Amino acid sequence: MQVFLSSDHRGFILKSKLTSDLAKTQLASGNQISIVDLGPNAYNQDDDFNDAAISVVKAIKENTRPGDEEPFGILICGSAIGVSIQANRFRGIRAAVITDIETAVPSREHDNANIICISADRLARAKDPLESEAEYENILAIIEAFLNTPFSGKECYERRIKRLDEETI
């Protein structure tokens with residue numbers, strides 16, 4: 001499974017750690033995750049979350065082919081909200097701000113989300129290294145739940161998803 005990963009400066013440390021750890025992860029299907037780190041490659045406190053979101057969206061769109069396994073994206077910024085808003089401006093993209101496994105699963109089953117948006121600030125709120133490590137393991141579990149959950153394909157969800165790209169003002 002191909003997964004494109006990017007962040008802004010607030011998500012840079014988390015992205016760097018996830019890049020190596022997710023590459024070692026095997027999914028429930030037995031498939032390995034192929035991580036493509038789209039940067040940034042160095043910390044830049046003046047970067048914009050928009051660039052991270054646009055790079056992941058472009059990679060997903062360029063690598064989506066009928067009949068092939070759909071690629072996914074992981075976006076990280078301070079709140080996860082900015083990258084989600086930017087990514088969702090593009091047709092065919094369904095970026096979801098995910099905070100726990102309980103939101104990860106339906107975002108895939110019902111909404112066929114193809115980008116998971118993670119808040120880097122969750123780690124920053126940890127008061128000690130052990131708490132931070134537990135929160136990091138929780139983020140890994142959330143991402144794995146997202147990537148392991150298939151879209152249900154139910155007609156009502158298909159119809160609603162189709163409308164996302166049809167309804168414009």
- Conditions (1) part of a loop (DSSP other than H, G, I, E, B); (2) of a type in the set (Val, Ile, Thr); (3) at pLDDT 95 or above -> residue 85 fails only (1)
- Taking into account only those residues within segment 31-46 that are free of Cβ contacts under 8 Å to residues at least 60 places away in the same chain and touching a strand residue (DSSP E or B) at 6+ places or on another chain (Cβ under 9 Å), which is farthest from residue 9 (Cα to Cα)? 32
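Looking only at residues that are hydroxyl-bearing (Ser, Thr, Tyr) and either part of a loop (DSSP other than H, G, I, E, B) or touching a residue at least 24 places away in the same chain (Cβ under 8 Å) (or both) in segment 6-25, which one is surrounded by the most Cβ atoms within 10 Å (Cβ to Cβ)?
Selected residue: 7.
The rows are residues; the columns are (1) farther than 15 Å from residue 97 by Cα; (2) under 15 Å from the mean Cα position of the chain (by Cα); (3) at pLDDT below 90; (4) among the small types (Gly, Ala, Ser).
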{"site": "119", "(1), (2), (3), (4)": "no, yes, no, yes"}
{"site": "123", "(1), (2), (3), (4)": "yes, no, yes, no"}
{"site": "130", "(1), (2), (3), (4)": "yes, no, yes, no"}
{"site": "139", "(1), (2), (3), (4)": "no, yes, no, no"}
{"site": "145", "(1), (2), (3), (4)": "no, yes, no, yes"}
{"site": "152", "(1), (2), (3), (4)": "yes, no, no, yes"}
{"site": "160", "(1), (2), (3), (4)": "yes, no, no, no"}
- Task: Among the candidates 72, 90, single out the residue that is aromatic (Phe, Trp, Tyr) and under 13 Å from the mean Cα position of the chain (by Cα).
- Result: 72
- residue 60 vs. criteria within 12 Å of the chain's Cα centre (by Cα), crowded, with 21+ Cβ neighbours inside 10 Å, within 19 Å of residue 25 (Cα to Cα) and at pLDDT 95 or above: no
- Would you tally the residues in segment 44-72 being closer than 20 Å to residue 33 by Cα, outside any helix (DSSP H, G or I) and acidic (Asp, Glu)? 3
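Among the candidates 53, 28, which residue alone is crowded, with 21+ Cβ neighbours inside 10 Å, in contact (Cβ under 8 Å) with a residue 24 or more places away in the chain and out of contact with any Cys (no Cβ under 7 Å at 6 or more places or on another chain)? Walk me through it before giving the result.
Working: 28 fails: crowded, with 21+ Cβ neighbours inside 10 Å.
Within the list 53, 28, the selection yields 53.
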- Note on the structure: Checked pairs for segment 66-77, first modelled with pLDDT under 95, second surrounded by 21 or more Cβ atoms within 10 Å (Cβ to Cβ), C-beta under 9 Å and 6 or more apart or across chains, list as 70/60; 70/114
- Segments classed as helices (runs of 4 or more DSSP H), wholly inside segment 107-166, with at least 2 members that are small (Gly, Ala, Ser) and either without any contact (Cβ under 8 Å) to a residue 24 or more places away in the chain or within 24 Å of residue 8 (Cβ to Cβ) (or both): 129-148
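The values are calculated or read from the model by the stated rules, or taken from the named source; none is laboratory data. Here the structure is a predicted model, which is why all the values come from computation and not from measurement. Using ideal geometry, Cβ is built from the backbone for each residue, glycine included, and neighbour counts are taken over all protein chains shown.
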